[in-house]
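Have a look at the structure below, then the notes.
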């Protein structure tokens, strides 16, 4: 069942104080050191090899066939109807939202550690690697670190750029 923040207050950070990074300091990387990769070595891919696709082959979709949607049909929404949100009524996300609740894209699980990021036009635009804080470290297709996602405690994530500025959420 889809967790839709447009119809359920529970999944909407604008309406649920518990998952709003401006009202819950434990989810705000500007206020909580342990979830800020600029201040915590173990979640910084520039300092931690296990979450850096340039240094760890198993999380690099360009080097590992099983997590590359161009080489593995089952994780490509252009080729597999069940993971295509435009064709499958049963696909329930997770979806990527901006702060105004507009859908920016969706995730496809490629492995236990790697999720592929697609825009709503089904273009593969990046990937997210699970990190030791329970969040995700996000890379573009050139393996450049662009974002980090903080676990919201409700099976979703709050999205931040490297500054860290709030970009939206994933649910």
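The values are calculated or read from the model by the stated rules, or taken from the named source; none is laboratory data. It should be emphasised that the depicted structure is a prediction, and the values quoted were computed from it without experimental measurement. Because the Cβ atoms are built from the backbone with ideal geometry, glycine has one as well, and the counts that use them run over all protein chains shown.
Exactly one condition in (1) on the phi < 0 side of the Ramachandran plot; (2) in a loop (DSSP other than H, G, I, E, B); (3) in contact (Cβ under 8 Å) with a residue 12 or more places away in the chain; (4) surrounded by fewer than 19 Cβ atoms within 10 Å (Cβ to Cβ) is false for residue 69; which is it?
(4)
Which pairs turn up if I take residues in the stretch 22-33 that are on the phi < 0 side of the Ramachandran plot and buried (at least 18 other Cβ atoms within 10 Å of the Cβ) and look for partners that are at pLDDT 95 or above and in a loop (DSSP other than H, G, I, E, B) with beta carbon separation below 6 Å, at least 6 apart in sequence or on another chain?
27/21; 28/21; 29/36; 29/164
Counting just the residues of the stretch 34-47 that are in a loop (DSSP other than H, G, I, E, B) and in contact (Cβ under 8 Å) with a residue 24 or more places away in the chain, which one comes out nearest to residue 154 (Cα to Cα)? Walk me through it before giving the result.
In the first step, residues of the stretch 34-47 are kept if they are in a loop (DSSP other than H, G, I, E, B); the result is 36-40, 44-47.
Restricting the remaining residues to those that are in contact (Cβ under 8 Å) with a residue 24 or more places away in the chain gives 36-38, 40, 45-46.
Working: 36: 19, 37: 21, 38: 24, 40: 23, 45: 25, 46: 28 Å.
Checked the stretch 34-47; the qualifying residue nearest to residue 154 (Cα to Cα) is 36.
Have a look at 153, 168 and point out the one that is in a loop (DSSP other than H, G, I, E, B) and in contact (Cβ under 8 Å) with a residue 60 or more places away in the chain. Walk me through how you get there before you give the answer.
On the way: 168 fails: in a loop (DSSP other than H, G, I, E, B).
Being in a loop (DSSP other than H, G, I, E, B) and in contact (Cβ under 8 Å) with a residue 60 or more places away in the chain holds for just one of 153, 168, which is 153.
Inside the stretch 34-52, can you point out the residues that are surrounded by 14 or more Cβ atoms within 10 Å (Cβ to Cβ) and over 24 Å from residue 168 (Cα atoms)?
Within the stretch 34-52, 48, 50 qualify.
How many residues are assigned to a strand (DSSP E or B), without any contact (Cβ under 8 Å) to a residue 60 or more places away in the chain and buried (at least 22 other Cβ atoms within 10 Å of the Cβ) when one looks only at the stretch 72-107?
Counting residues in the stretch 72-107 that are assigned to a strand (DSSP E or B), without any contact (Cβ under 8 Å) to a residue 60 or more places away in the chain and buried (at least 22 other Cβ atoms within 10 Å of the Cβ) gives 1.
Could you tell me whether residue 61 is touching a strand residue (DSSP E or B) at 6+ places or on another chain (Cβ under 7 Å), surrounded by 14 or more Cβ atoms within 10 Å (Cβ to Cβ), more than 20 Å from residue 153 (Cβ to Cβ) and modelled with pLDDT of 95 or more?
Values: touching a strand residue (DSSP E or B) at 6+ places or on another chain (Cβ under 7 Å): yes; surrounded by 14 or more Cβ atoms within 10 Å (Cβ to Cβ): yes; more than 20 Å from residue 153 (Cβ to Cβ): yes; modelled with pLDDT of 95 or more: yes.
Judged against the criteria, residue 61 is a match.
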